[in-house]
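Step one of this worksheet: look at the structure below.
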Amino acid sequence: MATYAMLTRLSPEALTPPTTVADLNRKVQQQVKQDCPGVKWLSNYAVLGPCDYLDIFESPDVETATKVALLVRTLGQATTETWVLTPWDQYLGLTQGMKKS
């Protein structure tokens, strides 16, 4: 399974009132669990900066990861940016097989 990082920025409407964030999170989690059963959530963080949250999750394929982002966008009233993560050791292994210019 591939590992993904997803940055999420909630719309101002999603934060009114701020207590709705917990309800919104539960709703999104339930829908992801139902529609994307192969996804494993690894960690969640609230972040300072242009985004509100950083989620790290594993997905069996890019289509399922895309579905997670779509669910967060539609249910969470949010925008997302999702990146595939390559473990450092695996990345170094890829560099070993490359030819020098």
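The values are calculated or read from the model by the stated rules, or taken from the named source; none is laboratory data. Since this is a predicted model, take the numbers as computed values, not measurements. Virtual Cβ from ideal backbone geometry, glycine too; neighbours counted across all protein chains shown.
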For this session: Go through segment 30-41 residue by residue and tally those that are in a helix (DSSP H, G or I) and either touching a Pro at 6+ places or on another chain (Cβ under 8 Å) or exposed (fewer than 15 other Cβ atoms within 10 Å of the Cβ) (or both).
Result: 4
Problem set entry | Looking only at segment 8-21, and only at residues there that are surrounded by 15 or more Cβ atoms within 10 Å (Cβ to Cβ) and in contact with a Gly (Cβ under 9 Å, 6 or more places away or on another chain), the one that is nearest to GLN90 (Cα to Cα) | THR8
For this session: Pairs only if they're at least six apart or on different chains, beta carbon under 7 angstrom, first in segment 72-86 and in contact (Cβ under 8 Å) with a residue 40 or more places away in the chain, second of a type in the set (Phe, Trp, Tyr); list them, first residue then second.
Result: THR82/TYR4; TRP83/TYR4; VAL84/TYR4; LEU85/TYR4
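Does THR82 fit the bill of being hydroxyl-bearing (Ser, Thr, Tyr) and either assigned to a strand (DSSP E or B) or in contact with a Lys or Arg (Cβ under 8 Å, 6 or more places away or on another chain) (or both)?
Working: hydroxyl-bearing (Ser, Thr, Tyr): yes; either assigned to a strand (DSSP E or B) or in contact with a Lys or Arg (Cβ under 8 Å, 6 or more places away or on another chain) (or both): yes.
Answer is yes for this residue.
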Exercise. Do you know which of the residues in segment 69-89 that are surrounded by 10 or more Cβ atoms within 10 Å (Cβ to Cβ) and out of contact with any strand residue (DSSP E or B) (no Cβ under 7 Å at 6 or more places or on another chain) is nearest to THR16 (Cα to Cα)?
Worked result: LEU75
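Condition first: of a type in the set (S, T, N, Q), more than 12 Å from the chain's Cα centre (by Cα) and part of a helix (DSSP H, G or I). Can you find one or more residues in segment 18-29 that meet it?
Yes, some residue in segment 18-29 is of a type in the set (S, T, N, Q), more than 12 Å from the chain's Cα centre (by Cα) and part of a helix (DSSP H, G or I).
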For this session: Restrict the check to segment 22-37 and report whether at least one residue is touching a Phe, Trp or Tyr at 6+ places or on another chain (Cβ under 6 Å) and of a type outside the set (Val, Ile, Thr).
Result: no
Exercise. Looking at this structure, is THR66 in a helix (DSSP H, G or I), of a type in the set (Val, Ile, Thr), out of contact with any strand residue (DSSP E or B) (no Cβ under 7 Å at 6 or more places or on another chain) and at pLDDT below 95?
Worked result: no
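So which residues in segment 42-68 are small (Gly, Ala, Ser) and either touching a Leu at 6+ places or on another chain (Cβ under 6 Å) or loosely packed, with under 14 Cβ neighbours inside 10 Å (or both)?
Those that are small (Gly, Ala, Ser) and either touching a Leu at 6+ places or on another chain (Cβ under 6 Å) or loosely packed, with under 14 Cβ neighbours inside 10 Å (or both): SER43, ALA46, GLY49.
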Exercise. Could you list, in sequence order, the residues of segment 71-88 that are within 16 Å of ALA14 (Cα to Cα) and over 10 Å from the mean Cα position of the chain (by Cα)?
Worked result: LEU71, ARG73, THR74, LEU75, GLY76, GLN77, ALA78, THR79
